[in-house]
Amino acid sequence: MSFVIRLKWFFKERWGSYAIAIGLMTTVSLLSMIPPRLIGNMIDVMKQGTLTSGELNRTVLWLVCLCLLLYVLVYIWITTLFGNSVLIEKLLRARLLKHLTKMTPAFFQRNSTGQLMALATNDIMAIGQTAGYGVMTLVNTLVGASVVIVMMLSFISAKLMIAALLPLPLLVLVISKLGAKVRVKFLAAQESFGRMNEHVLESISGIRVIRSYVQEERDLSAFDRMTTEVMDKNRRVSILNALFQPSISLIVGVSYCIGIGYGSYLVFHDEITLGQLVSFNIYLGMLIWPMIAFGEFINVLQRGSASADRLQKVLTEEADLRDAQEPIPLELPSSIEMRSLTFTYPTASQPSLDNVSFRLERGETLGVVGKTGSGKSTLLKQLLRQYSLGPEMLFVSNVPVEHIALDQMKRWIAYVPQEHLLLSKSIRDNIALGKPNATPEEIARAIEMASFTQDIAQMPEGLETIVGENGVMLSGGQKQRLAIARALLIDSEILLLDDSLSAVDARTESRIVGQIRKERAGKTTLITTHRLSAVSHANWILVLDEGLIREEGTHEQLMLHGGWYKEQWERQQMEASLEE
């Protein structure tokens, strides 16, 4: 019942096609009752010696016509019913992906990629099977069994039917016990499959690191243990599944024995005819599939219900960050300001930013520097609204960000992260990701600003060169410049560069920074970096250490201050001169 409740939106939407399929299945079940009746009558006529060739031909013609009609009806209900099964898989995968795109990083910390992939594949497939094959087995059980029993009662013998069906209550008990165990084992198998997915993803993405440390055998051994665990848990599910049909066949076989034995006794005492006994045994044979279908239905329902519960658990999770109920409309971000902003990651015990304050007007550049782990990237991520903040800590145009629509904030910002996500497509497609309708001139301009023109000219197919999965065909510096070109192409109001020049040389960095300053005049830029030359031109510079602002000011002010910034600047300048 929980499965139907969770998917009532789909059944409500597709009730018409389900009604057609169920109606046709019912019609097929009713028409299937005719041949045994005809065969029984023919046997009685043959026994009486009154069979004529005309009557035989008419009966055969009836049977052939019924076969053709049943073939057409079965074809229609199968395509209708299993079409719904495929459709619900498509809709659920689309709903899951749409939901995932709205989730914040905290959600993906709680739910691993492997488990989410298992949901999108195995679990949704199990739900689709229940919505198709499960409905078929349920209807066959209810309608098929009911029609057969009515035919037995109406045209054969109530005593014979009751005697033959005596073992069937035992069938319900066996199926209910096995079904409960299947659900538990199936959930464990799905979780194990998710962990195997995680291992495969990690191994493939980190294959170069694994090879460089000569850990192939160790990784293969770990994977072998994991696949063995998946195999063992699926084997336990299969063992339980395998018990369904033999148990059903055994109990139905006992009914068959009773039917033949007691039916022969009734024929011998002239309570039923030989033709009726033959018809009864055909009907009893037709009752086997509804009984097997009942076991299949319980099995499929337990799998689908378990998968629906897993999927529902993810779909009902809400994003940690919600949009404002009545957002304040803003045309442009005229200023960015943090007021005593303190932030702690959900899984951390110490704040990553502590009492950070600054104000940046539109068109200005903010540089953020400091040691590794000082909170530079965390500061930029607050503008991306990936995590919730306390009230009135971050302001845009003097309006608290919690009162600004999330989509509005996203439209203002172009972000170049430290870890670049590149699609396994052409360089052109990767650059135009944020602006698919960009003209060739706009793309060429963004490439020039990112100092990437010469690299593309040396590639075999130029802009059409496929970069491979996550940019495997490109160097670290080329990945960074491609990501910068992608961000510059959309010409956003706010540009966030998170240590995005670390893999390029000093001259290339100088050219890129110069182009950004020239082309983005009047627009806001925030840069985090370890190389201080990238932010020496900034209107204001923050020096972070353990989430605190230790120093702040312009380049000249910080040089006069004589603190960490000056020491790092002089050291980096000396290193640069030695390299030259």
Could you list, in sequence order, the residues of the range 40-73 that are in a loop (DSSP other than H, G, I, E, B) and surrounded by 13 or more Cβ atoms within 10 Å (Cβ to Cβ)?
Leu51
I need every pair where a residue in the range 430-447 that is part of a helix (DSSP H, G or I) has its Cβ under 7 Å from the Cβ of a residue that is exposed (fewer than 15 other Cβ atoms within 10 Å of the Cβ), sequence separation at least 6 or different chains.
Asn430/Leu423; Ile447/Thr453
What are the pairs, 6+ residues apart or on separate chains, where a residue within the range 248-276 that is within 16 Å of Leu171 (Cα to Cα) has its Cβ under 6 Å from a residue that is not in a helix (DSSP H, G or I)?
Ile251/Pro167; Val254/Pro167; Ser255/Pro167
Can you tell which of Gln418, Gln408 is in a helix (DSSP H, G or I), in contact (Cβ under 8 Å) with a residue 12 or more places away in the chain and either surrounded by 21 or more Cβ atoms within 10 Å (Cβ to Cβ) or assigned by TED's automatic domain parsing to the domain that holds Trp540 (or both)?
Gln408
Count of residues meeting criterion [over 20 Å from Val504 (Cβ atoms), among the acidic types (Asp, Glu) and at pLDDT 85 or above] in the range 433-479
3
So Ala19 clears everything in (1) in contact (Cβ under 8 Å) with a residue 12 or more places away in the chain; (2) among the hydrophobic types (A, V, I, L, M, F, W, C); (3) exposed (fewer than 14 other Cβ atoms within 10 Å of the Cβ) except one condition, right? Which one?
(1)
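Please work out if Ile272 is at pLDDT below 80 and within 30 Å of Phe186 (Cα to Cα).
no
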Just to be sure before I move on: is Ala106 more than 30 Å from Phe294 (Cβ to Cβ), in the same structural domain as Met286 (by TED's automatic domain parsing) and small (Gly, Ala, Ser) in the structure I sent?
yes
Do you know which residues across the range 376-405 are of a type in the set (D, E, K, R) and in contact (Cβ under 8 Å) with a residue 40 or more places away in the chain?
Lys376, Arg385, Glu392, Glu402
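Here's the yes/no breakdown for (1) surrounded by fewer than 17 Cβ atoms within 10 Å (Cβ to Cβ); (2) touching a helix residue (DSSP H, G or I) at 6+ places or on another chain (Cβ under 6 Å); (3) outside the structural domain of Ile549 (by TED's automatic domain parsing):
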position: Gln325; (1), (2), (3): yes, no, yes
position: Pro351; (1), (2), (3): no, no, no
position: Asp354; (1), (2), (3): no, no, no
position: Gly363; (1), (2), (3): yes, no, no
position: Val368; (1), (2), (3): no, yes, no
Checking the condition crowded, with 16+ Cβ neighbours inside 10 Å and more than 41 Å from the chain's Cα centre (by Cα), which residue from Leu532, Leu526, Leu497, Leu501 passes?
Leu532
Which numbered condition in (1) of a type in the set (Gly, Ala, Ser); (2) free of Cβ contacts under 8 Å to residues at least 40 places away in the same chain; (3) in a strand (DSSP E or B) is the only one that Gly367 fails?
(2)
Just to be sure, is Gln190 in contact (Cβ under 8 Å) with a residue 12 or more places away in the chain and assigned by TED's automatic domain parsing to the domain that holds Arg310?
yes
Residues being assigned to a helix (DSSP H, G or I) and surrounded by 15 or more Cβ atoms within 10 Å (Cβ to Cβ) - total across the range 149-187:
20
Residue list for the range 326-364, filter: without any contact (Cβ under 8 Å) to a residue 12 or more places away in the chain and either among the aliphatic types (A, V, I, L, M) or in contact with an Asp or Glu (Cβ under 8 Å, 6 or more places away or on another chain) (or both)
Ala348
Check Arg225, Arg322, Arg235 and return the single one that is at pLDDT below 80, within 27 Å of the chain's Cα centre (by Cα) and basic (Lys, Arg).
Arg322
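The values are calculated or read from the model by the stated rules, or taken from the named source; none is laboratory data. On a predicted model such as this, the values are computed, not experimentally measured, just so you know. Here the Cβ is made from the backbone with ideal geometry for all residues, glycine too, and neighbour counts use every protein chain on show.
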